[in-house]
Amino acid sequence: MKNEINGLNTQLNHLQSRAETIQTHLNSVQKIYPKQFTELDNVLSELKRKQNFLTSQINALNRKRIR
């Protein structure tokens, strides 16, 4: 009986250690996501500005060609 209890305690300690490791990893991932989201949002905004600029340039060229 004592060996079974010791074995279960060992398993419990291992599972607790594993849970702590996973939680530490999740905490670090949670810190990264907001930064990555902000960087992605900035890239998308810049691409939208470039798209608008290029669209206006193409429209201007088309207007000159029609005249």
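No lab work stands behind these numbers, since they all come straight from the coordinates. Note that the coordinates shown come from a computational prediction; the quantities given were computed from them, not determined experimentally. Counting neighbours? That spans all protein chains shown, and the Cβs are built from the backbone with ideal geometry, glycine included.
For the chain, modelled as a GNM with alpha-carbon contacts under 10 angstrom, which of L12, L40, L26 fluctuates the most?
Most flexible of the set in this elastic network: L12.
So what is log10(I(q)/I(0)) for the chain at q = 0.17, 0.20, 0.23 1/Å, when the Debye sum runs over its Cα atoms only?
Computed log10 I(q)/I(0) values: -0.79, -0.87, -0.94.
Where nothing but the Cβ of Lys and Arg (+1) and of Asp and Glu (-1) is charged, how large is the charge dipole of the chain around its Cα centre, in debye to the nearest 20?
960
Does anyone have the angle between helix 2-66 and the longest principal axis of the chain? Alpha-carbon axes, 0 to 90°, nearest 10?
Approximately 0 degrees, to the nearest ten.
Which listed residue (H14, N52, L40) has the Cα farthest towards the positive end of the charge dipole for the chain, taking +1 on Lys and Arg C-beta and -1 on Asp and Glu C-beta about the Cα centre?
The residue sitting farthest along the positive end of the dipole is N52.
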